[in-house]
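This report refers to the structure that appears directly beneath it.
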Amino acid sequence: MHDKGIPMNSTTLAEDERRQRAVLAHVLDRHPVHLTKEELIRELTQGREVEFAEADAIERAVEILAGAGLLHRGEDTIRPSAAALHVHILNKG
């Protein structure tokens, strides 16, 4: 059943933001390694078999972060932007 056009199993904003933080943190921690989408999903899920919804949520987080200028997506790889790396360095200090 839908409530005002939103599927009952849709993620919440809080879940989306948590996923985005996890994706960005992982990509920054793995820098300078450029991860493929498949590697990112495998590493974030610790290699276990994942359902479509979970993989889709990770992909959606990558898309949102790339749209915000925090990640770069090449044809095959995902890497942090210079801005994301700079903030990451500042936050460590």
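Answer yes or no as to whether VAL27 is modelled with pLDDT of 95 or more, open to solvent by less than 70 Å² (accessible area, probe 1.4 Å) and within 11 Å of the chain's Cα centre (by Cα).
yes
Of the residues in region 37-55, how many are surrounded by 13 or more Cβ atoms within 10 Å (Cβ to Cβ) and within 13 Å of the chain's Cα centre (by Cα)?
Applying the first criterion (surrounded by 13 or more Cβ atoms within 10 Å (Cβ to Cβ)) to region 37-55 yields 37, 39-45, 50, 54-55.
Of the ones still in play, those that are also within 13 Å of the chain's Cα centre (by Cα) are 37, 39-45, 54-55.
Residues that pass the stated criteria total 10.
The values are calculated or read from the model by the stated rules, or taken from the named source; none is laboratory data. Here the structure is a predicted model, which means the values were calculated and not measured. Because the Cβ atoms are built from the backbone with ideal geometry, glycine has one as well, and the counts that use them run over all protein chains shown. SASA here: full protein model, heavy atoms, side chains in, ligands and nucleic acids out. Shrake-Rupley method; radii C 1.70, N 1.55, O 1.52, S 1.80 Å.
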